[in-house]
Every structure is written in C-alpha cells, then in structure tokens.
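Some notes on the structure that comes next.
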Amino acid sequence: MATATGVFFLSITAVPVCYSMNLLTSMNDHRLVFGGACLILAAIIFLSYLIISLTTSKRSRKPNDLFFYVFSLFAFTSVVDLVIGLELDGIINNFVAFYLKEGELYLNTAYGTMINYWDGTAHYCMYLMMVTAIVWNQGYREIGLYWVGSVMNSIVVFLPGNIAGKFGADLKASYLLNMPYIIFPLLGAYRFLQSRKPVNIPKEQLKLRQNKSIFQRPFDLVMVIYLVLSCAFSLLRMLAAMDSPIPFAQTYVKFYEPYLLDPVIYPKLQMLVYWFYFTPYRLCAIYGLLYPGCEWMSDWALIHAGAAIQGQFSHIGSSLHSRTPYILRVPINTRPTFWVINLALLVFPQLLAWRCLTKPAFFVKQSNKPKTN
C-alpha cells in the first residue's frame, strides 16, 4: 500500500511544479515549454521507479507491470489538467498561465475546460485504483476497459478538433504531448481484450437463461428500445451538427442544441463519433441482446460506457459553459428537454454495462463438444 500512497503524493506534486514553472520568465517560448514538460514527465517516470524501490521490501514482489509507470505518469498529468481546468474557470490564478499561452491554446475553450475537469477527476480516480490493483497484485481489467473507452473517445474528438477547428493555425510543439494518450490506451485495449477469462456457469442455468425470449427479459427489452432510439437520435444530431437543411435538423439545432454549430468544431466531431462509431456498436449490441452466446458483449459494453460518459459529460458541460458564446448555449426554455435527452444518453450505457457484468449468463457461449471418458 505504501507504493500506491507514494504514487498519490507524487501526483499532487503537480501543483507546486506548475506554480514554479509559471514563475520562470523563460517560459515564454513554446519550444521551451515543450522541452520542460518532456523533462518533467521523464522525471515522474524515474521517481515512480524510485518509489517502487524504496517502498518494496526484499520479501515482497515488485510490480513488473509496465502500466504501473503509465498510470503513475497519467495520475500526475491528471492533477495538472485539474489545475488547468480550475485556472480556466478563474478559481485559481497564475499556475498554468504560461502553458495556456505557449502550450496548448485550444484548451482555452469550453470543451478544453470540461475534458480537463474529467481527466482531473474521473481519470485520476481510475489511475489510482489501477495503480493500487497492480501493487496488490490484483486484476483491473474491467476498470481498464472503462478507462480505454473514456480516453479514446476524448482523443478521437480532441486531437482532430485541435487541427480542424479555429485553433488549427496555432498548433505548437506541446500538441505532441497528447501522443501517449493514443499509444497506451490502444496497447491497453489489446491487452485487456485478449485476457478475457471464461465464465463458469452450470449448463442447466445457461439453458434456462438463454432460452428466454427478449419479451421474457424486460430489462433487456428496455435496453433494446434504448439502443434503437439512440441510433435514430444519433442520426438526428449528426445531421444537425452538419447544418443539414432538413427541417427537423434545423429545428433541433436552433431550439435545443445550438452548441453543435460552435466553430471550435468539437461538438461536430463528437456527433460524428456518435454516428459512425457508437451506432455500429449499438446495432451489434441489439444483436447480442437478442441472440445468446455473444461473449464480447461485456467487454464492449464497458468500453462503450466509458466513452459515453466522457462524451456526454464534456458535451453537456460545454453546451452550458460560460466560455461558449451565449448565442450557442442551450436556450433556457428548452433546457429540461436537453437534460432529459443527454442524461439518458449518459445513464443507459452505464446500465447496459452493469447488466452485462452482473448477469453474464446470457452471453456465455455454450460448448457443443461432447464429453470424453
């Protein structure tokens, strides 16, 4: 436990580090900012190794999981992101002003603020949980899959939006600091998906569960209805974000979510992700709920839940944030409808993941191999 505690204290050193770097007058060149950030990140990895060496006795086993160092580093950067979010909202001052000016200018947006809050809170808790699991030599596959979905949704929207949006002409070297958030989640996804363990459920119980039709499983029926409606709604919001001349798309973007037309382009990209990535998954999930034996359902439900909660948190917050132009915020008279729609798109994926994890019998593939003496 001392090792995990050491990682926690290492992560909160991000606060004095940010403040100290902000005091340096030399941090007025984007190349120096990028170089300084790289040196600090390398130092965090080295200090993580020292924590292991100092807190692990000869009798105990040292963590040999590469992701221990990855999560230790990301925990530090999560605290940095929380500091950035607080400074963007004016809660604190002069901690990361240099970085917002010479590092990543596109963070000075409502979307940039919200993803920093999410990384500094939700992702930070995930990193500490996974570091603790590694130290205790326990599995963290489920939380890892959830984290993969959350990070990948953020990156798929954030990185292209930085280039294609109105800040595309102001890219600096610090943009490259986001590359680890592509590499390691992909490595984690491959590792977690390949390490699925078989679920041992008696054959009689499997038959009992899998012989029920969808109408005999009311919760699954509700999930199927939600998935069908969410596919249709994703099409509507995608058309609205693309400023389609179709009347119902124009009505929706004008009265319910004008933020979809924000020139920062993040909301447009999020709607495209919902349509081109979430919709195929939802169609597959409908199949998995109708026909038994789809063993992939639990894993991808976790990934989808992580992606959905990150996407909806950032989208809801950005739609209402003060950094979004007033004319593009959600109109007051339609906010109840806005909340119902967007909270449903946030909550139902969590319920689906919970259902798949707690009652997996319907998704277990029955073996047709005859027993041998």
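The values are calculated or read from the model by the stated rules, or taken from the named source; none is laboratory data. The shown structure was predicted, so the numbers you read here are calculated from the model rather than taken from an experiment. Every residue, glycine as well, gets a Cβ built from its backbone with ideal geometry; the counts of neighbours run over all protein chains shown.
If the condition is being touching a Lys or Arg at 6+ places or on another chain (Cβ under 7 Å) and not hydrophobic (A, V, I, L, M, F, W, C), then the stretch 13-52 contributes only HIS30.
Report yes if some residue within the stretch 130-139 is buried (at least 23 other Cβ atoms within 10 Å of the Cβ), among the polar types (S, T, N, Q) and either part of a loop (DSSP other than H, G, I, E, B) or out of contact with any Cys (no Cβ under 8 Å at 6 or more places or on another chain) (or both); otherwise report no. No, because not a single residue in the stretch 130-139 is buried (at least 23 other Cβ atoms within 10 Å of the Cβ), among the polar types (S, T, N, Q) and either part of a loop (DSSP other than H, G, I, E, B) or out of contact with any Cys (no Cβ under 8 Å at 6 or more places or on another chain) (or both). Considering the stretch 330-358, and only residues there that are closer than 30 Å to GLY293 by Cβ and without any contact (Cβ under 8 Å) to a residue 12 or more places away in the chain, the residue that is surrounded by the most Cβ atoms within 10 Å (Cβ to Cβ) turns out to be VAL347.
The rows are residues; the columns are (1) closer than 18 Å to THR121 by Cβ; (2) outside any helix (DSSP H, G or I).
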| residue | (1), (2) |
| --- | --- |
| ASP299 | no, no |
| LEU302 | no, no |
| SER318 | yes, no |
| THR324 | no, yes |
| ILE327 | no, no |
| TRP354 | no, no |
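Considering LYS166, LYS212, the condition of being of a type in the set (Lys, Arg) and closer than 30 Å to LYS365 by Cα is satisfied by LYS212 alone. Being outside the structural domain of GLY168 (by TED's automatic domain parsing) and either exposed (fewer than 15 other Cβ atoms within 10 Å of the Cβ) or touching a strand residue (DSSP E or B) at 6+ places or on another chain (Cβ under 8 Å) (or both) narrows it down to one of ILE309, ILE327, ILE303, so name that one. On inspection, the qualifying residue turns out to be ILE327. The criterion of at least 2 residues that are aromatic (Phe, Trp, Tyr) and in contact (Cβ under 8 Å) with a residue 12 or more places away in the chain is met by the following helices (runs of 4 or more DSSP H) wholly inside the stretch 174-278: 180-194, 218-241, 247-255.
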